[in-house]
1. Pull up segment 375-403, narrow it to residues that are in a loop (DSSP other than H, G, I, E, B) and open to solvent by less than 20 Å² (accessible area, probe 1.4 Å), then point me to the one that is nearest to Arg414 (Cα to Cα).
2. All but one of (1) over 22 Å from Thr59 (Cβ atoms); (2) in contact with a strand residue (DSSP E or B) (Cβ under 8 Å, 6 or more places away or on another chain) hold for Gly223; state the number of the condition that does not hold.
3. Could you please give the count of residues in segment 71-90 that are open to solvent by less than 50 Å² (accessible area, probe 1.4 Å) and either among the hydroxyl-bearing types (Ser, Thr, Tyr) or modelled with pLDDT under 95 (or both)?
4. Let me spell it out: the conditions are (1) open to solvent by 20 Å² or more (accessible area, probe 1.4 Å); (2) over 25 Å from Glu63 (Cβ atoms), and Arg414 meets all of them except one. Which number is the exception?
5. Give all pairs with beta carbons closer than 6 Å in which a residue from segment 364-379 that is in contact (Cβ under 8 Å) with a residue 24 or more places away in the chain and within 17 Å of Ala222 (Cβ to Cβ) meets a residue that is crowded, with 17+ Cβ neighbours inside 10 Å and of a type in the set (Asp, Glu); count only pairs at least 6 apart in sequence or on separate chains.
6. How many residues, within segment 347-363, are in a loop (DSSP other than H, G, I, E, B), in contact (Cβ under 8 Å) with a residue 24 or more places away in the chain and out of contact with any His (no Cβ under 7 Å at 6 or more places or on another chain)?
7. So which residues in segment 98-140 are touching a residue at least 40 places away in the same chain (Cβ under 8 Å), within 24 Å of Trp275 (Cα to Cα) and among the small types (Gly, Ala, Ser), if there are any at all?
8. What strands (runs of 3 or more DSSP E) lie completely within segment 160-216 and have 2 or more residues being open to solvent by 10 Å² or more (accessible area, probe 1.4 Å), touching a helix residue (DSSP H, G or I) at 6+ places or on another chain (Cβ under 8 Å) and at pLDDT 90 or above?
Amino acid sequence: MRRAKRREGHIWWKAAAMAGVLLLGGGSSTLIGPTASSAPPTSATPSGRPCALRAHRGTEMSEGFAALRDPAYARSTGEVRALTLFIDFPDAPARESAGSRYAEFFPFVPRWYARASYGRLRYHVFPVLRYFRMPRTFESYGITRGYGWSVHRAMMRDLAAVVGRSVDFRGYDLVNVIATPNAGPPADETVLSVTWTGGTAARTEDGTHLDRVSMIYGHDQAGPRVLAHENGHILGLPDLYAADDFHRTDRLAGQWDIMSLDWGLQSDPFAWHKWRLGWLDDAQVGCVTGRGARIFQLAPLELPGGRKAVVIPYGRRAAYVVEARTARENDASACSEGVLVYRVRTDVDTGDGPIKVIDAHPGTSACEFSSGSFNSLNDAPYRAGERFADRDKGIGVDVLARDADGGWTIRVTRT
């Protein structure tokens, strides 16, 4: 899971998502910014974008748009470069080759990001296919769920010393450190994977600061998506699961975004996230601020082109977002299809529920095979003839019809 803590003037982000299994490939990314008021990277928020809600100052990983690009975040469009290293420990020597461990995660992650970004993020991975033996035992580091900055700093200083000048760290946007999976308890017992940004944990011999690092441990049902989740933090995306009451996640975003449950059936990022990261143009996002009724045609989120979302803001810090989800691409295993409605809050911290999916069918769940207790939102999308309404705010969304390509016609009403 992912938690934010302050220490020594920095904020670092801890994401213990579920561990993974992937294939060979290329990729690159950058890590998360240190300031509590920051939001992802790509787009500043000029005037004339009333639906691009600004990041809320003082909110950890606010879901709003930053007024200025925060250089602490990775770029989310164009070329990104990820150095990928492998470690084992004296009490947990690797039982498989580094190439085999690498193949658990690549090329899945670069391909996942290529699909999610419609080709706008080109993730290049640069692996060093050998294990670096840490000088201390796994147990002696005190690596537990939610382990602290002092543990991470000690590990990174030891890693920098062990690697020495055998690796040139310069010119990368992030570093992935993947531990042998037999180090520590199985991921189904406790989740250790974490992303750190915002403070320099160590300095390599070539002068590079190790301040953008995703650490991956164990194996888990999330498969390779654990690394896509962790690198999502590097791009500036918050945790959408409930950090302090994990089972409440099924009443927040459920399985509808990789930043919620990375083992979920529907893993494509929400349209709101894609817009913030620069993967959607403003022209692909409808904005409804005035009274009256408007008709929109929504194209499937998973495919390039077309209008992907309609945003209906209320106040300066909240909005409803409407998008069309289908069982394709990153959502190929989706449990249901239809028009998804969710609420975004820019003043809610990471891990506290900044995005909440509205359940069109609160009395039922779907695809019980996917998870023991996280299925209630699997059938959340609205279908033809169904209506979402927030009467207090005078907002309504009517789902009118589905077209042959999987898009939907909706009517948005404000009174």
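1. Kept after step one, since they are in a loop (DSSP other than H, G, I, E, B), are these residues of segment 375-403: 375-381, 383-386, 391-394, 403.
Cutting the leftovers down to open to solvent by less than 20 Å² (accessible area, probe 1.4 Å) gives us 375, 377-381, 394.
Values: Asn375: 31, Leu377: 26, Asn378: 28, Asp379: 26, Ala380: 22, Pro381: 21, Gly394: 5 Å.
Filtering first and then ranking leaves Gly394.
2. Of everything listed in (1) over 22 Å from Thr59 (Cβ atoms); (2) in contact with a strand residue (DSSP E or B) (Cβ under 8 Å, 6 or more places away or on another chain), Gly223 misses just condition (2).
3. Of the residues in segment 71-90, the ones open to solvent by less than 50 Å² (accessible area, probe 1.4 Å) are 72-74, 76-78, 80, 82-89.
Of the ones still in play, those that are also either among the hydroxyl-bearing types (Ser, Thr, Tyr) or modelled with pLDDT under 95 (or both) are 72-74, 76-77, 84.
Total satisfying the criteria: 6.
4. All conditions are met except number (2).
5. The qualifying pairs are Phe374/Asp250.
6. Step one: of segment 347-363, the residues in a loop (DSSP other than H, G, I, E, B) are 347-354, 358-363.
From what's left, in contact (Cβ under 8 Å) with a residue 24 or more places away in the chain: 347-354, 358, 360.
Okay, now just the ones that are also out of contact with any His (no Cβ under 7 Å at 6 or more places or on another chain), so 348-354, 358, 360.
Residues meeting the conditions: 9.
7. Ala116, Ser117, Gly119
8. Details: elements: 174-179, 194-197, 212-216.
Hits in segment 160-216: none.
The values are calculated or read from the model by the stated rules, or taken from the named source; none is laboratory data. Only a predicted model underlies this, so the values are computations on that prediction, with no experimental measurement involved. So basically every Cβ, Gly included, is an ideal-geometry build from the backbone, and we count neighbours across all protein chains shown. These accessible areas exclude ligands, DNA and RNA; they are computed on the full protein's heavy atoms, side chains included. Shrake-Rupley method; radii C 1.70, N 1.55, O 1.52, S 1.80 Å.
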